[in-house]
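Beneath this line is the structure, given in structure tokens, with notes to follow.
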Amino acid sequence: MAARNRQKAQEQARARARTRARARARVKAAVISGSVLLGLLALSWSAVWPYVMAAVLFGGIGTVGWWLWRTDRIVRAQDRRWRRNDEVEAGRRPLAEVDAMTGTQFEELVAGLCRRDGCTEVRRVGGSHDNGADVLGRLPDGRTMVIQCKRYTPSSTIASRELRDLLGAKVHFRADLAVFVATTRFSRPSEEFAVEHGILAVHRDRLGLWNNGVPLASLWGVNGRGQGDSRHRARWRQAYDT
């Protein structure tokens with residue numbers, strides 16, 4: 001065992017020696033190449049100096065241009081963040097204030113949140129003949145969406161039949177996506193229905209997140225992941241049941 005270990009150590013030492021030798025050879029070759037290049041440059045300086053100076057000049061201009069472009073990008077990004085923060089602050093409403101809204105006011109709030117998040121062609125279409133839709137628009141990526149808004153008391157529950165109506169509205173308006181926004185909770189069957197049919201179910205807790213600045217697109221990643229455990233539901237009933 002000891003002889004084997006000594007042999008292994010000797011092999012490792014020889015490998016390190018070869019690595020050092022190769023490194024020294026590369027350094028020597030680089031020094032020689034650099035010396036030859038400098039020598040040639042010195043001998044032909046009178047012929048090549050205009051090209052060298054031009055390369056230095058254009059390199060300097062390119063560096064300054066890149067620095068200005070990068071600075072402009074940083075400033076623009078900061079400006080966008082500040083504007084978004086201002087929009088979030090201007091549009092933020094406590095959920096207690098949302099509960100006091102009329103149905104039309106709630107639909108306008110949802111439409112405003114969509115515009116804040118970069119959605120386009122957003123318009124409120126709610127009314128007696130709305131065909132199951134309250135808000136229409138396009139996501140920033142161009143996909144069309146139809147939104148149903150329900151400003152119910154927090155102690156109520158969204159039933160599956162209401163999501164079926166939204167699914168029909170999605171077909172009617174030929175929308176790519178459907179979103180159901182509520183000031184309360186979804187029943188378990190309605191939440192399962194939403195997940196099965198690709199409907200984004202924005203219950204009260206998620207509405208609070210959206211209202212406080214979380215982009216609408218981010219809510220798709222947590223769609224259908226439950227509405228809290230039994231303790232959360234107990235606190236919900238204690239807070240809202242009358």
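Restricting to region 187-205, what's the tally of residues that are open to solvent by 30 Å² or more (accessible area, probe 1.4 Å) and under 20 Å from the mean Cα position of the chain (by Cα)?
2
If I ask for residues that are open to solvent by 30 Å² or more (accessible area, probe 1.4 Å) and in a helix (DSSP H, G or I), which ones from region 163-176 would you list?
Selection gives 164, 165, 167, 168, 170, 171, 172.
Looking at region 99-112 only, could you name the residues that are out of contact with any helix residue (DSSP H, G or I) (no Cβ under 6 Å at 6 or more places or on another chain) and in a helix (DSSP H, G or I)?
99, 103, 104, 105, 106, 107, 108, 109, 110, 111
What single numbered condition from (1) among the β-branched types (Val, Ile, Thr); (2) open to solvent by 30 Å² or more (accessible area, probe 1.4 Å); (3) modelled with pLDDT of 90 or more; (4) not in a helix (DSSP H, G or I) fails to hold for residue 179?
(2)
Restricting to region 141-159, count the residues that are surrounded by 13 or more Cβ atoms within 10 Å (Cβ to Cβ) and either in a loop (DSSP other than H, G, I, E, B) or in contact with a Cys (Cβ under 9 Å, 6 or more places away or on another chain) (or both).
Residues that pass the stated criteria total 8.
Would a scan of region 122-136 turn up a residue that is β-branched (Val, Ile, Thr), assigned to a loop (DSSP other than H, G, I, E, B), open to solvent by 30 Å² or more (accessible area, probe 1.4 Å) and farther than 28 Å from residue 188 by Cα?
Yes, region 122-136 contains at least one residue that is β-branched (Val, Ile, Thr), assigned to a loop (DSSP other than H, G, I, E, B), open to solvent by 30 Å² or more (accessible area, probe 1.4 Å) and farther than 28 Å from residue 188 by Cα.
I need a count of the residues in region 53-80 that are closer than 22 Å to residue 118 by Cα and open to solvent by 100 Å² or more (accessible area, probe 1.4 Å).
Result for region 53-80: 3.
The values are calculated or read from the model by the stated rules, or taken from the named source; none is laboratory data. What you see is a predicted model; the values in this text were computed from it and never measured. Cβ sites come from the backbone with ideal geometry, for glycine too, and all protein chains shown count toward neighbours. Heads up: the accessible areas ignore ligands, DNA and RNA and are worked out on the full protein's heavy atoms, side chains in. Shrake-Rupley method; radii C 1.70, N 1.55, O 1.52, S 1.80 Å.
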